[in-house]
1. What are the residues in region 62-116 that are crowded, with 24+ Cβ neighbours inside 10 Å, over 19 Å from Lys307 (Cα atoms) and of a type in the set (Ser, Thr, Tyr), if any?
2. Tell me which residues, restricted to region 55-74, are part of a helix (DSSP H, G or I), of a type in the set (A, V, I, L, M) and under 21 Å from Asn253 (Cα atoms).
3. Report the residue count in region 75-124 for those that are in a strand (DSSP E or B) and either of a type in the set (S, T, N, Q) or in contact with a helix residue (DSSP H, G or I) (Cβ under 7 Å, 6 or more places away or on another chain) (or both).
4. Do you know which of the residues in region 286-342 that are at positive phi and surrounded by fewer than 22 Cβ atoms within 10 Å (Cβ to Cβ) is nearest to the chain's Cα centre (by Cα)?
5. Would you check which residues across region 407-443 are touching a residue at least 60 places away in the same chain (Cβ under 8 Å) and among the β-branched types (Val, Ile, Thr) and list them?
6. Do any residues in region 172-199 that are under 26 Å from Lys125 (Cβ atoms) and modelled with pLDDT of 95 or more have Cβ atoms under 9 Å from those of residues that are aromatic (Phe, Trp, Tyr) and in a helix (DSSP H, G or I), where the two are at least six apart or on different chains, and which pairs are they?
7. Go through region 393-481 and tell me which strands (runs of 3 or more DSSP E), entirely inside it, have 1 or more residues that are assigned by TED's automatic domain parsing to the domain that holds Pro120 and within 22 Å of the chain's Cα centre (by Cα).
8. Ala176 fails exactly one of the following numbered conditions: (1) closer than 30 Å to Phe407 by Cα; (2) in the same structural domain as Arg35 (by TED's automatic domain parsing); (3) under 23 Å from the mean Cα position of the chain (by Cα). What is the number of that condition?
Amino acid sequence: MSFSPCPRMCLVLFWLLVPVWVHSSSGAFANDSERPNIVLINVDDLGWRDLACQGSAYYKTPNIDRLASQGMRFTDAYAAASNCAPSRACMLTGQYGPRHGVYTVLNSDRGAAEHRKLIPTKNTKFIANDNLTIADLLKDAGYRSTTIGKWHVSKNPIENGFDQNVAGSQIGHPMAKFGGYHSPFKYVNCVADEAGVYLTDRLTDEAIKFVADKQDKPFFLYLPFYTVHSPLQPKADKKKKWDAVKGQSGQSNASYAAMIESLDENVGRLLTKLDELKLTENTMVVFTSDNGGVWSTSHQTPLRSGKGSYFEGGIRVPLIVRWPGHVEPGSTCDEPVINIDFMPTFAEAAGAKVPEAKVVDGVSLVPIMRDFHAALKERALFWHFPIYLQATGRKKNKEISTHDRWFRTRPGSAIRLGNWKLHEYFEDGRLELYDLATDIGETKNVADAKPEVARRLHQQLKDWRQKTKAPVPTELNDRYQ
């Protein structure tokens, strides 16, 4: 963090108590009236710098900016994967990818066979129904839960702990056959036969209806908007307005800006309803994105690359937490955190019991939410992608600062420890080391200049792979040229 850390004795005591907090049945609160409602807003493909409060001079996000002014904004927050399904699988289960095997969407041998040197690890499409999710955890603690929007990690979220599902299935974006963003459309429990209904508005209508229901117990609202994932289909009037707005370098897509405006308006609608219902004071609101932004649509400069890459632009995401009475309004945290931390965080806040048999890779963020002078015990964050993910767009990857024009991701792993970040690539064993404190754009590989740091992080990465039984592809592809 950027603030003064606790004394050493406090840190020692804190880490002795953490396992008790996470696995306690009483948790932080004794009864329903004290336990917070939890709202988790997960935007699809929203980049780290695609909000005004995150540094964009182009997009206008007054409601989300207000949320940040009322809570804590995390500057170094990460998704545990660089594209949709694996990131969500990690977040919902509290586990790194090797635990559940979801590494990508559909098949792992993406891109032209002649450009793939290795046979990639087979992908698991969905999380297992018996893998405890955040919804399962909170249901066992007495919470009512709903998911409203994109699900993407199994066929039916009801089988993964939710009481109610609106518009969620295995699909990953608003497909034309279901109607896209504009009605008439037909999604699961979300049908609009008349014209003029916008999907983002309708999902928020459903969210407002859920929180307005008579609440006899705390609730968990998971609101994974389909927006701002392609196809870029904004409202016509907003698109016309943004067509007249001058763009910035790397951020000038009027359709995307119009969709962000609709997103912001709907976040504002939900927050206003919480105020009207006098639920704000006892509701934790978490706002984030599932992965980095699509580079061809919106650059995340100074971060390198975008969605699908394991450079910072593909995995660093916005994260805002508002929890009145617990989180300091307008505070900023530069502690490296990751979306697998949500499960233990919600567990502590809700007094939920994590079963001893359940492996949770994240840690609770409640201590640093409550005291921004505190610090987590230093830990490494990991990413593992034993797969290929092809480039997109007419010009392929030539201009988006990955290594070649054919792929956003080639098989490898990455680790961040402190300000150091190490990438390992399985095709040739190459190591790349970056000092994020001085080179957030990952432009200068210092592995040769800092061999001891590279060796130490590489060993820690290998030890983690062994611990999690992470598969490393070694079989050569005979079609490779």
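The values are calculated or read from the model by the stated rules, or taken from the named source; none is laboratory data. As the structure is a prediction and not an experimental result, all values here were calculated from the model. Positions of Cβ are backbone-derived with ideal geometry, glycine not excepted, and every protein chain shown enters the neighbour counts.
1. Thr93
2. So in region 55-74, the residues part of a helix (DSSP H, G or I) come out as 62-69.
Now drop any that are not of a type in the set (A, V, I, L, M), which leaves 64, 67-68.
Scanning region 55-74 gives a single hit, Ile64.
3. We begin by selecting, within region 75-124, every residue in a strand (DSSP E or B); these are 75-78, 109, 118.
Still in the running and either of a type in the set (S, T, N, Q) or in contact with a helix residue (DSSP H, G or I) (Cβ under 7 Å, 6 or more places away or on another chain) (or both): 75, 78.
Of the residues in region 75-124, 2 are in a strand (DSSP E or B) and either of a type in the set (S, T, N, Q) or in contact with a helix residue (DSSP H, G or I) (Cβ under 7 Å, 6 or more places away or on another chain) (or both).
4. So, considering only residues that are at positive phi and surrounded by fewer than 22 Cβ atoms within 10 Å (Cβ to Cβ), the one nearest to the chain's Cα centre (by Cα) is Gly330.
5. Thr409, Ile440, Thr443
6. Final answer for the pair search is Phe185/Phe178; Lys186/Phe178; Tyr187/Phe178.
7. Working: elements: 407-409, 412-417, 420-425, 431-435.
Passing ranges, in order: 407-409, 412-417, 420-425.
8. The number of the failed condition is (3).
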